[in-house]
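The values are calculated or read from the model by the stated rules, or taken from the named source; none is laboratory data. None of these values were measured; they are calculated from a predicted model. FYI the Cβ positions are ideal-geometry reconstructions off the backbone, even for glycines, and counts take in every protein chain you see. With ligands, DNA and RNA removed, areas are computed over all heavy atoms of the protein, side chains included. Shrake-Rupley method; radii C 1.70, N 1.55, O 1.52, S 1.80 Å.
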Amino acid sequence: MLTTMAAALLALSSTITPHSWPQNPPPDKIIIDVATVNGTGCPPDTAAVSVSADNTAFTVTYSQYTAQVGVGAQPTDFRKNCQIGLRVHVPQGFTYGIASADYRGFGHLEKGAYGVERANYYFQGNSPTAYVTHRLDGFYDNDWQFSDQTDVDAIIYEPCGQERNLNINTELRTYAGTSDPAKTTSFLTMDSTDGSVQTVYHFAWKTCPGTR
């Protein structure tokens with residue numbers, strides 16, 4: 001999902017031991033709280049978060065996330081966005097990064113119309129990363145899914161011993177293109193965002209910077 005961020009990776013390198021990855025995620029339950037929700041694609045009480053039973057992933061589910069253009073649409077409806085700030089509580093001695101993310105929904109695009117899904121994420125206090133963008137062209141009338149993968153050596157981790165919000169930014173756009181918006185309607189809707197949580201274990205003897 002993310003491009004390589006050499007500066008950020010170097011800044012975190014002192015807190016991460018690359019060869020200390022466990023084969024399994026932490027046994028204790030990971031709890032994720034929704035700290036902030038902002039955007040036209042996720043009005044209050046329309047986004048929810050759940051964690052998988054095996055602690056390997058979390059899912060954000062949306063109920064009113066639709067970008068549309070054409071008959072019945074308002075001028076601003078062509079673009080919808082959502083920024084969710086998640087507070088991920090992980091067991092002591094662990095930190096995490098996002099290894100991959102899946103975005104899915106449904107789309108109806110008339111011939112000549114097209115839609116765009118794009119997303120990024122970053123930890124509170126870090127610079128936002130570049131968006132990864134995917135495009136769908138009409139005619140299209142089906143479910144859609146896009147997956148963003150991060151190379152192992154490019155995964156950005158939450159700084160050890162610091163609990164920061166994980167900010168997830170998503171956006172949908174629908175353009176009429178060469179279709180006739182006076183006679184047709186095109187839309188993209190997002191149902192869910194699934195994030196794969198990659199954890200890394202810190203040995204008991206490793207002291208995190210700023211702790212004693």
Check whether at least one residue in segment 184-196 is modelled with pLDDT under 90 and among the hydroxyl-bearing types (Ser, Thr, Tyr), and report yes or no.
yes
Please identify the pairs in which a residue from segment 140-153 that is closer than 17 Å to Tyr96 by Cβ has its Cβ atom under 6 Å from the Cβ atom of a residue that is open to solvent by less than 80 Å² (accessible area, probe 1.4 Å), counting only partners at least 6 apart or on another chain.
Asp148/Met1; Asp148/Ala101; Asp148/Val132; Gln149/Ser100; Thr150/Met1; Thr150/Leu2; Thr150/Ala99
Determine if segment 50-58 includes at least one residue that is closer than 22 Å to His134 by Cβ and either in contact with a Ser or Thr (Cβ under 7 Å, 6 or more places away or on another chain) or at pLDDT 95 or above (or both).
yes
Quick one: Tyr62 ticks every box in (1) under 19 Å from Val116 (Cα atoms); (2) of a type in the set (Ser, Thr, Tyr); (3) out of contact with any Cys (no Cβ under 9 Å at 6 or more places or on another chain) bar one, so which box is it?
(3)
So Glu158 passes all but one of these: (1) open to solvent by less than 60 Å² (accessible area, probe 1.4 Å); (2) within 22 Å of Thr40 (Cβ to Cβ). Which condition number does it fail?
(2)
Please specify each residue of segment 89-123 satisfying the condition of being of a type in the set (Gly, Ala, Ser) and within 12 Å of the chain's Cα centre (by Cα).
Gly97, Ala99, Ser100, Ala101, Ala119
State whether one or more residues within segment 109-122 are among the basic types (Lys, Arg) and modelled with pLDDT under 95.
no
Screening Arg87, Arg135 for residues that are open to solvent by 60 Å² or more (accessible area, probe 1.4 Å), assigned to a strand (DSSP E or B) and more than 18 Å from Val34 (Cβ to Cβ) leaves only Arg135
Could you list, in sequence order, all residues of segment 97-132 that are in contact with a Gly (Cβ under 9 Å, 6 or more places away or on another chain) and open to solvent by 30 Å² or more (accessible area, probe 1.4 Å)?
Asp102, His108, Glu110, Lys111, Tyr114, Gln124
For Asp45, are the conditions met, namely being exposed (fewer than 14 other Cβ atoms within 10 Å of the Cβ) and either at pLDDT below 95 or on the phi < 0 side of the Ramachandran plot (or both)?
yes
Looking for something open to solvent by 60 Å² or more (accessible area, probe 1.4 Å) and at pLDDT below 95 - is there at least one such residue anywhere in segment 169-183?
no
Just to be sure I understand, how many residues within segment 51-74 are in a strand (DSSP E or B) and either without any contact (Cβ under 8 Å) to a residue 12 or more places away in the chain or open to solvent by 60 Å² or more (accessible area, probe 1.4 Å) (or both)?
1
